[in-house]
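The values are calculated or read from the model by the stated rules, or taken from the named source; none is laboratory data. A quick note: this is a predicted structure, and the numbers were derived from the prediction, not measured. Every residue, glycine as well, gets a Cβ built from its backbone with ideal geometry; the counts of neighbours run over all protein chains shown.
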Amino acid sequence: MHRMGSKIGAALLASSIMAAAAASAQTGAPPELTLTRLDCGKTTTLNDVSGFTDVAAFKGLSVQLTFSCYLVKHGKDYLVWDTGNPAAAAGSTPAPTAPKSSLVEQLALLHLKPEQIGFVAISHYHGDHIGQVASFPEATLLIGKGDWDALNDPKPNPMIKPANFEHWISGGGKVDPVSGDKDVFGDGSVIMLNTPGHTPGHHSLLVKLKEKGNVLITGDLSHFQENYDSNGVPTFNTNRADTLASLDRFKQLATNLHATVIIQHDARDIGKLPPFPAAAK
């Protein structure tokens, strides 16, 4: 099953690359593509990460964790990747991990309004990735089918927060439950990669920038460098075998595409992209 899924994913990826070449030949210059990191919160202390392994690794290791979201500009179209922790409500005491500014406020500094965001893509359903998703009701929601099914379960797992997605669950917004890879803009430049295991429908993101080159963003495929290097599987992942298969695929892609790998929760990877409001091109 995993081999079949890998073959299907490889075929879709190859098809996307061919589509990109055809589109470029027909239309001339491709749309401008940029990638901007958005602040979605951080931990205030070093975190004991011994719970991020099911083989008793990382004893005594503490890592600074961050919560990163991203804005992809594709010509006149925009995608927000993950929505992080909730921002503090006006007049309330912010949670320790809350971002200083909401996504809407950060986008305003880039002269963007929420209604200009065509896609809000979610790597997976955990609370630190979906905290501000409701800020984009006019966007098409892109989320792995396995996670979408879990959100619609009448008796959801306690780690799942369907209320954040009520707008889409109720039929008020457009949703695309992604069952495999997803070529978001149809030209091979931005691809949601099917990397299940952390959750049933977990996805990572590939962005093919002209100047910086290919960038692979993990989602929660790995949470920090030491876990990525050792193929660590957190105790709270939904499927160990799927996690290992997804890590294998992701790493092969990173090698073959000579990609910059950004581990989304590792504060040490923040510097791999220009500081906000600048964008990688």
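Filtering region 155-186 to residues that are of a type in the set (D, E, K, R) and modelled with pLDDT of 95 or more leaves Glu166, Lys174, Asp176, Asp181, Lys182, Asp183. Considering each residue of region 242-261 in turn, at least one proves to be touching a residue at least 40 places away in the same chain (Cβ under 8 Å), closer than 28 Å to Glu32 by Cα and in a strand (DSSP E or B).
Only one of the listed residues (Ser50, Ser68, Ser62) is surrounded by fewer than 14 Cβ atoms within 10 Å (Cβ to Cβ), among the hydroxyl-bearing types (Ser, Thr, Tyr) and either modelled with pLDDT of 90 or more or touching a Phe, Trp or Tyr at 6+ places or on another chain (Cβ under 8 Å) (or both). That residue is Ser62.
With the condition kept exactly as written, say whether any residue in region 95-102 is in contact (Cβ under 8 Å) with a residue 60 or more places away in the chain and basic (Lys, Arg). Yes, some residue in region 95-102 is in contact (Cβ under 8 Å) with a residue 60 or more places away in the chain and basic (Lys, Arg). Pull up region 95-134, narrow it to residues that are hydroxyl-bearing (Ser, Thr, Tyr) and buried (at least 18 other Cβ atoms within 10 Å of the Cβ), then point me to the one that is farthest from Gly171 (Cα to Cα). The qualifying residue farthest from Gly171 (Cα to Cα) is Thr97. Among residues that are modelled with pLDDT of 95 or more, of a type in the set (Gly, Ala, Ser), part of a loop (DSSP other than H, G, I, E, B) and on the phi < 0 side of the Ramachandran plot, Gly201 is included.
Is it fair to say Pro99 is in contact with a helix residue (DSSP H, G or I) (Cβ under 6 Å, 6 or more places away or on another chain) and not β-branched (Val, Ile, Thr)? No.
Within region 93-106, is there a residue that is among the basic types (Lys, Arg) and in a loop (DSSP other than H, G, I, E, B)? Within region 93-106, one or more residues are among the basic types (Lys, Arg) and in a loop (DSSP other than H, G, I, E, B).
With respect to being on the phi < 0 side of the Ramachandran plot and buried (at least 17 other Cβ atoms within 10 Å of the Cβ), Ala163 falls outside the description.
Condition test on Phe236, is it on the phi < 0 side of the Ramachandran plot, aromatic (Phe, Trp, Tyr) and assigned to a loop (DSSP other than H, G, I, E, B)? When the stated conditions are applied, Phe236 passes them.
Taking region 267-281 as the range and being touching a helix residue (DSSP H, G or I) at 6+ places or on another chain (Cβ under 9 Å), assigned to a helix (DSSP H, G or I) and surrounded by 13 or more Cβ atoms within 10 Å (Cβ to Cβ) as the test, only Asp269 passes.
Number of residues in region 196-241 that are surrounded by fewer than 18 Cβ atoms within 10 Å (Cβ to Cβ) and closer than 17 Å to Ala150 by Cβ: the value is 2. Considering region 213-233, the residues that are under 22 Å from Ala121 (Cβ atoms) and part of a loop (DSSP other than H, G, I, E, B) include one that is nearest to the chain's Cα centre (by Cα), namely Gly219. Please verify whether Leu109 is more than 17 Å from the chain's Cα centre (by Cα), hydrophobic (A, V, I, L, M, F, W, C) and within 30 Å of Thr45 (Cβ to Cβ), treating the condition exactly as stated. Considered against the rule, which asks whether it is more than 17 Å from the chain's Cα centre (by Cα), hydrophobic (A, V, I, L, M, F, W, C) and within 30 Å of Thr45 (Cβ to Cβ), Leu109 comes out as yes.
When the test is whether a residue is buried (at least 21 other Cβ atoms within 10 Å of the Cβ), polar (S, T, N, Q) and either out of contact with any strand residue (DSSP E or B) (no Cβ under 7 Å at 6 or more places or on another chain) or in contact (Cβ under 8 Å) with a residue 12 or more places away in the chain (or both), Ser179 does not pass it. For Thr235, the test of being within 20 Å of Arg37 (Cα to Cα), in contact with a Gly (Cβ under 7 Å, 6 or more places away or on another chain) and touching a residue at least 24 places away in the same chain (Cβ under 8 Å) is failed.
Note on region 160-200: among residues that are within 12 Å of the chain's Cα centre (by Cα) and of a type outside the set (Val, Ile, Thr), the one that is farthest from Ala29 (Cα to Cα) is Asn194.
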